[in-house]
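I am attaching a structure below and will ask some questions about it afterwards.
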Amino acid sequence: VNNKDSSSNNGCGGAAIHSTNCTLDIVNSKFINNSADYYGGTIYVSQSNITSIHSQFVNNFAKNNGGETKGGVIYASNSNITSIDSQFINSFASKYGGAIYAVESTNITSIDSKFINNSDSSGGGAIYASKGNIKINNSTFVNNTDSSSSGGAVIYSNSVTLDIINSKFINNSANYYG
């Protein structure tokens, strides 16, 4: 996906992109106002490699009235996510991972990226991860919130390795921890 503008898509999971067992490169692209009823407001991937370079994800949502939704921008299972000089802004998941929800041995690498004003209600205002590795290098997390649980910027659990280098965390908040 190169120089793509995608906006106002709706779906059950991955309103703009839904993919399994693939390699996905997103370069110089914008994803704005996409929403999914359950998983991944913009992108849903399983057993895949996804790389985002110089791209923007703005106002994307995973929400369902009364349902359990995860990953305002990206829902990833057993995958690798790399974000280089990309922006995740004003995205929301009604449960976990305002911008990114990553499970089942999913690895996340964030380099020179920004996570701003993302939110959720149960864990990981910007990123939620379980069973994988998170590497954050020279990235910025600003005003990300979790309204009822923990991890205003990042929450991780269940055998996650977290490495943070030269990054900024500013005014992130959670109701309980982190």
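The values are calculated or read from the model by the stated rules, or taken from the named source; none is laboratory data. Since the model is a prediction, treat every value here as computed from it, not as a measurement. All Cβ positions, even for glycine, are placed from backbone atoms using ideal geometry, and neighbour counts span all protein chains on display. Areas reflect the complete protein model, heavy atoms only, side chains present, ligands, DNA and RNA absent. Shrake-Rupley method; radii C 1.70, N 1.55, O 1.52, S 1.80 Å.
Please report the spacing between the Cα centers of the stretch 20-89 and the stretch 107-124 in Å, no decimals.
11
Restricting to bridges with both residues inside the chain, how much of the DSSP beta-bridge set is antiparallel, in percent to the nearest 5?
Details: 0 of 78 bridges.
Counting DSSP beta bridges with both partners in the chain, the antiparallel share is about 0 percent.
Residue 75: net charge of surrounding residues, Cβ under 14 Å, Lys/Arg +1, Asp/Glu -1, itself excluded? It would help to have the intermediate numbers written out before the result.
On the way: positive: 63, 70, 95; negative: 37, 68, 104, 120.
The answer is -1.
Another question, then. Which whole-percent values make up P(r) of the chain when all C-alpha to C-alpha distances are grouped in 5 Å steps starting at zero?
Going from the shortest bin to the longest, the percentages are 2, 11, 20, 26, 24, 13, 4, 1, 0.
Another one. Averaged per residue, what accessible surface does the chain expose to a 1.4 Å probe, in Å²? Could you put the intermediate results ahead of the total?
Values: 7660 Å² over 178 residues.
Accessible area per residue: 43 Å².
Which of the peptides 168-174, 40-46 is most tightly packed, and how do the rest follow, judged by the mean count of other Cβ atoms within 10 Å per residue? Can you show the working numbers first?
Numbers: 168-174: 15.0, 40-46: 29.6.
The most tightly packed comes first, giving 40-46, 168-174.
Further question: Tally up the carbon and sulfur contribution to the accessible surface of the chain as a whole percent, 1.4 Å probe, everything protein left in place. Mind dumping the intermediate values first?
Details: 3160 of 7660 Å².
Taking all protein chains in place, the chain shows 41 percent carbon and sulfur surface.
Could you check the simple spin-label distance between residue 162 and residue 25, using points 7 Å along Cα→Cβ, in nm with one decimal?
3.2
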